[in-house]
1. Given contacts defined as C-alpha pairs under 8 Å and at least six residues apart, what's the relative contact order of region 40-99, whole-number percent?
2. Between ALA55 and ARG33, what's the calculated FRET efficiency when r is the beta-carbon distance and R0 is 22 Å? Round to 0.05.
3. Around VAL164, under 9 Å between beta carbons, what's the net of Lys plus Arg minus Asp minus Glu among the other residues?
4. So who's got an amide H within less than 5 Å of the one on SER269, skipping anything under 5 residues away but keeping other chains? H placed 1.01 Å off N, in plane.
5. Taking R0 as 22 Å, what FRET efficiency do you get between THR88 and PHE293 from their Cβ-Cβ distance, rounded to the nearest 0.05?
6. Using amide H atoms built in the peptide plane, which far-off residues or other-chain residues are under 5 Å from THR40 H to H?
7. Residue by residue through region 167-181, what is 3J(HN,Hα) from phi via Karplus (6.51 cos²θ - 1.76 cosθ + 1.60, θ = phi - 60°)? Round to whole Hz and write x for glycine and proline.
Amino acid sequence: MRAVTQGKNVRRHTAAALAAVVVVLLALVFFLRPPVLILTDAAFDRIYGEKRAGAAAGRLSLAFFRRVKPVRVGENAGPDMVVFALETAAANPYCVLVPYRYADGARRYAREFPETPVGVLGAEAPELSRENGEGSPLFFSAGREDDMYRAGRCAAILGGGGTVLVYHNGDPSAFRPALEEGLDGGAELRLLGPGAEFENFDGVSCVILGRHSQPFTDNAPDIPVILFSWLDPALTTRETKVIFDDSPWAQAFEAVKMTVRGKAASVPSRMILPWGRTAGGEILERLREVPRFYRK
């Protein structure tokens, strides 16, 4: 009987030792693989939140089974400082992602380290294929048409008719067709440019706050809001039912894969449905079924 018990203990210890070896080997592989570097700065961290960015880096690290490291530079850092920060963070990274405001630094880094794939996030659509070949970064834009189409679909679901107000600061011709396609005749569209004021909200069923648009007026009634922002959803109002996030952390999963393949494209925003903001299971389910891409 003692021999049987001892045999079981030996097998148990052997299995535990093998499991420990496997864990150690996986950890070594994880930490020895070249990391992904994502450039960021204090201004972005204040909006997005450092803890939230850390959580996003953790999720991406698990997804790619390699470290995803934020590389922080001073606000408005010049190309030399961008290159220095990235070079110091890792000698041979798997991929580097840089916000568009630091595009000059990305270009210089790509010239100095042509073997490393470099992606620039937040470019305008015409720039996507402007630069090609070894020693040039790939440029990615947010999927503006995709996002506005989805925003229209969400507005139609949340509002159920009436008037949809859209606060924006860009050229409406660039996104209006996609927005109208998303609404699919389910609501009247009204666009408000920079500095526009609106006080009579009778009949307004939903408000879309575009990127960099003016804040929604404080005296507005309880109307569903669709927000384009990097802001932490926990810091938004309860009226905010849908958030479109086109931050580097939201775009990184798709952008890393495309940068490594050497294929630039637009990357739609991550659509966030803050928990507990939408009453009714049917409406929430319909929002979750909104497609990722706009099919013309």
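1. Details: 31 pairs, mean separation 23.4, N = 60.
Worked out over region 40-99, it gives 39 percent.
2. Working: r = 21 Å, r/R0 = 0.95.
With R0 = 22 Å, the Cβ-Cβ based efficiency is 0.60.
3. Working: positive: ARG190; negative: GLU188.
Charge balance near VAL164 sits at 0.
4. For SER269, whose amide H was placed from the backbone, the distant partners under 5 Å are GLY143, ASP147.
5. On the way: r = 38 Å, r/R0 = 1.73.
Efficiency at R0 = 22 Å is approximately 0.05.
6. VAL71, ARG72, VAL73
7. Working through the residues one at a time gives 8, 8, 9, x, 7, x, 5, 6, 10, 4, x, 5, 5, 5, 4 Hz.
Quick note: the coordinates plus some simple rules give every number you see, no bench work behind them. Because the structure is predicted, anything quoted here is derived from the model rather than measured. Quick reminder, even Gly has a Cβ in these numbers, built from the backbone with ideal geometry, and neighbours come from all protein chains shown.
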